1. Tell me, please, whether a residue that is over 30 Å from S276 (Cβ atoms) and part of a strand (DSSP E or B) can be found in the range 121-129.
2. Identify, from the list I93, I23, I101, the residue that is of a type in the set (A, V, I, L, M, F, W, C), surrounded by 22 or more Cβ atoms within 10 Å (Cβ to Cβ) and either farther than 22 Å from V248 by Cα or in contact with a Phe, Trp or Tyr (Cβ under 7 Å, 6 or more places away or on another chain) (or both).
3. Name the single residue, out of those in the range 210-236 being at pLDDT below 95 and of a type in the set (A, V, I, L, M, F, W, C), that is surrounded by the most Cβ atoms within 10 Å (Cβ to Cβ).
4. So, K97, is that one closer than 22 Å to T233 by Cα and among the basic types (K, R) or not?
5. Of all residues in the range 215-235, how many are among the small types (G, A, S) and either touching an Asp or Glu at 6+ places or on another chain (Cβ under 7 Å) or assigned to a strand (DSSP E or B) (or both)?
6. Taking the options S156, S166, S183, name whichever one is in contact with a strand residue (DSSP E or B) (Cβ under 7 Å, 6 or more places away or on another chain) and free of Cβ contacts under 8 Å to residues at least 60 places away in the same chain.
7. Report yes if some residue within the range 71-85 is part of a loop (DSSP other than H, G, I, E, B) and either over 19 Å from the mean Cα position of the chain (by Cα) or without any contact (Cβ under 8 Å) to a residue 60 or more places away in the chain (or both); otherwise report no.
8. Confirm whether V248 is buried (at least 21 other Cβ atoms within 10 Å of the Cβ), among the hydrophobic types (A, V, I, L, M, F, W, C), touching a Leu at 6+ places or on another chain (Cβ under 8 Å) and within 30 Å of G133 (Cβ to Cβ).
Amino acid sequence: MSERFGERVRATLTARGPLCVGIDPHAALLDAWGLPQDADGVREFGLRTVDAAADRVGIVKPQVSFFERFGSQGIAALEDVLAAARAADLIVIADAKRGDIGTTMDAYAAAWLTPGSPLEVDALTVNPFLGVGALDGAFDLAAGGGKGLFVLASTSNTEAELLQRSVSATGRTVSADIIADVSARNRETVQAGEWGDVGFVVGATVDWADAGISAFSPVAPLLAPGFGAQGATPADLVARFGPMSDAVIASESRSILSAGPDGLSAAIDARVAEYSESTRG
């Protein structure tokens, strides 16, 4: 079997630090980069970002929607970007937020997590709000191929607060229930001291107390959007995530990509240095 995903992330964070570079070819960024609003533009954007990220960080996160908007040609462009990123030995997280029931969810998982598939990635973001159990097929497929999942748990968008912070019959918030359920599954598959393969999406601007969540076991990777343009800074990482801070994947997109193709490498280097300083000691 392939190396387990949780332990691979753990080693990558130790070696390369927490920064994850988002690959988000917004329309405005394509214009700013002087690239066309088409599949060729998003392909070039993605490949340039991969080139800049390689050997500087350990993880990239393409936002699938910005490729999908160009139809089949956009998906073909995404396939090229994913292949280049994996060839560069980057951990690739597809930000697709897939979530459904039964064979439909299984098919989503197969598309993204099957070794050798055109859209193969190392991990996929998934939506548990049709029930964590609806993701069982995805959990099984990921485990069988050394892949990972990131389950939406507590996001930072205000529209989600009513649902995610509602208190369920367990007496916990919905977010806390999701973390508890997935953590129980992780405990079934890891040895003592190992990281779980199924991680969580927890926004960097989320107040854990308000969300009703706390440190959990086993440790699992925490994909944390919200750094950079959304307000959280590298200096906030330890304070916001406390005892879980070593497991944080700090995702930044616009704050780095806005430097443009000529300034991208320098922007990544500068941000890596900031994270290194914030987590030192």
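1. Yes, that holds for at least one residue.
2. Sole residue among the options that is of a type in the set (A, V, I, L, M, F, W, C), surrounded by 22 or more Cβ atoms within 10 Å (Cβ to Cβ) and either farther than 22 Å from V248 by Cα or in contact with a Phe, Trp or Tyr (Cβ under 7 Å, 6 or more places away or on another chain) (or both): I93.
3. F227
4. Judged against the criteria, K97 is not a match.
5. 6
6. S166
7. Checking the range 71-85: not a single residue is part of a loop (DSSP other than H, G, I, E, B) and either over 19 Å from the mean Cα position of the chain (by Cα) or without any contact (Cβ under 8 Å) to a residue 60 or more places away in the chain (or both).
8. So V248 fits the description; yes.
The values are calculated or read from the model by the stated rules, or taken from the named source; none is laboratory data. This is a predicted model, so every value here is computed, not measured. In this analysis, Cβ positions are derived from the backbone assuming ideal geometry, glycine residues included, and neighbour counts consider all displayed protein chains.
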